[in-house]
Amino acid sequence: MTEGDVALAPLPQANGQTKPRPVILLRRMPPFDDWLVCGVSTQLHQESAGFDEIIAPSHPDFRRSGLKAASLIRLGFLVVIPVDRLLGMIGSLSSERHQRLLDRLGTFLQKPRA
């Protein structure tokens, strides 16, 4: 698995249970090479405009993403997951989209607090 891949991972749900959900592999994290991932949801209405990103069937990299429907890449839903908890890869994003997500997250983290 590499950065920008779309994988399945057990993510916490509102009811406290975990459920396999798609995630974007953003970056390997030291010191154990765990993955920083962000969640993916079909709940497009939850979009944080200017922060999250929608991937739709009309986008060039949608088909290879392995996603079944238009989805919201939720940069606000970050989790660090050990590689052995990932359940498998379902697809990948374009390198341009992956870099855009990293840039957006980095810019947000560097903003001074209000």
Note the full-extension length gain between M29 and L44 as 0.36 nm times their separation in residues minus their Cα-Cα distance, in nm to one decimal.
-> 2.6 nm
Starting from region 5-96, pick out the trypsin sites (Lys or Arg not before Pro) whose DSSP state is loop and whose Cβ has at most 10 other Cβ atoms within 10 Å.
-> K68
Per-residue ³J(HN,Hα) for region 8-18, Karplus 6.51 cos²θ - 1.76 cosθ + 1.60, θ = phi - 60°, Hz, x for Gly and Pro = 9, 8, x, 10, x, 9, 4, 7, x, 7, 10
List, in order, the whole-Hz ³J(HN,Hα) value for each residue of region 38-51 obtained from phi through the Karplus relation with A = 6.51, B = -1.76, C = 1.60 and θ = phi - 60°; use x for Gly and Pro.
-> 10, x, 10, 9, 8, 7, 4, 5, 8, 4, 8, 3, x, 10
List the residues whose amide H sits under 5 Å from the amide H of S94, counting only those 5 or more places along or on another chain, with H placed 1.01 Å from N in the peptide plane.
-> none
Region 32-66 versus region 85-114: alpha-carbon centroid distance in Å = 9 Å
³J(HN,Hα) computed for each position of region 73-88 - Karplus, 6.51 cos²θ - 1.76 cosθ + 1.60, integer Hz, glycine/proline x = 8, 9, 5, x, 10, 9, 9, 9, 10, x, 4, 6, 8, 6, 9, x
Over the chain, how many percent of alpha carbon pairs lie in each 5 Å bin up to the one with the longest distance?
-> 2, 12, 23, 25, 21, 12, 5, 1
Taking neighbour counts of Cβ atoms within 10 Å as a proxy for exposure, in what order, fewest first, do F32, F62, F108 appear?
-> F32, F108, F62
Likely footprinting exposure, D52, D103, fewest C-beta neighbours within 10 Å first = D103, D52
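Here, each number is a calculation from the coordinates, and none is a lab measurement. Given the structure is predicted, the values throughout are model-derived calculations rather than measurements. Positions of Cβ are backbone-derived with ideal geometry, glycine not excepted, and every protein chain shown enters the neighbour counts.
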